[in-house]
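Quick notes on the structure that follows.
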Amino acid sequence: MKNVLYDLLERNQNNAVFFDMDGVIAVYEHEAYKWGPFGAKPLFAMQEMHYFLNVDRDERAYHMLKICCSAGVPTYLLSKADPSLPWVREDKLLWAKHFVPEIPEDHIIIADSDKAETIMVKHQISELKPNMILIDDFNANLQDWRSAGGTAVKYLNGLNSKDSWNGYWVDRLQIPVPGTLYA
Ligand SMILES: [Mg+2]
């Protein structure tokens, strides 16, 4: 089945792929970000809940990531964590190491702020290269990445829409899940 990411990887040389976590490799749950009654914090912001330790993996996005890894493409996880919630960073790292063991620890990047900026600083470059591909579900991240020179692919996770984005996209339903009959 057609998949823009695989097409891009075939067309370009020396690619690197950066997978977002929340809403891509990790299932996004809208409920977890809603404020509760009587001003109760959203689930994700309650330290005692360690929300990010227990999120479900998106098996389709994970399958796509494994294909990148087995093709020998340098593959990264790139997620943001609010620095005012310091345990989130640690929880995301632990989750990634457990649920995405294909990714070496130095390829798990938890950014404090802008993703494109974080990668440019880390790689000591002033602009991203077109063969640096971000897979993300959030338009603002995709736009920043593309403005910085990278290639951005929107992941349609069933909650967001391609209508708000004029660029590459992959629908999760285009990715077959191994072991299922109707993929
Ligand atoms: Mg996301």
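Please treat every number below as a calculation from the coordinates, not as lab data. Since the model is a prediction, treat every value here as computed from it, not as a measurement. Every residue, glycine as well, gets a Cβ built from its backbone with ideal geometry; the counts of neighbours run over all protein chains shown.
If you add up the charges near SER79, with Lys and Arg at +1 and Asp and Glu at -1, over every other residue whose beta carbon is less than 12 angstrom from its beta carbon, what do you get?
-3
If you build a Gaussian network model of the chain, linking Cα atoms that sit under 10 Å apart, which residue out of LEU94, LEU134, LEU156 swings the most?
LEU94
Provide the descending list of Cα extents for the chain along its principal axes, expressed in whole angstroms.
53, 46, 33 Å, listed from the longest principal axis down.
Sort VAL4, VAL24, VAL153 so the one with the fewest other Cβ atoms within 10 Å of its own Cβ comes first.
Listed from fewest to most nearby Cβ atoms, that is VAL4, VAL153, VAL24.
LYS97: which aspartates and glutamates have alpha carbons under 20 Å from its alpha carbon, excluding same-chain residues fewer than 8 sequence positions away?
Candidates past the 8-residue exclusion: ASP20, ASP22, ASP56, ASP58, GLU59, ASP82, GLU105, ASP106, ASP112, ASP136.
How high is the relative contact order of the chain, in percent, counting Cα pairs under 8 Å that sit 6 or more residues apart?
That works out to 25 percent.
Kirkwood Rh and Cα-based Rg: tell me the resulting Rg over Rh for segment 115-183, rounded to two decimals.
With Rg and the Kirkwood Rh in hand, the quotient comes to 1.08.
Could you let me know the centre-to-centre spacing of segment 81-125 and segment 19-54, using Cα atoms, in angstrom?
17 Å
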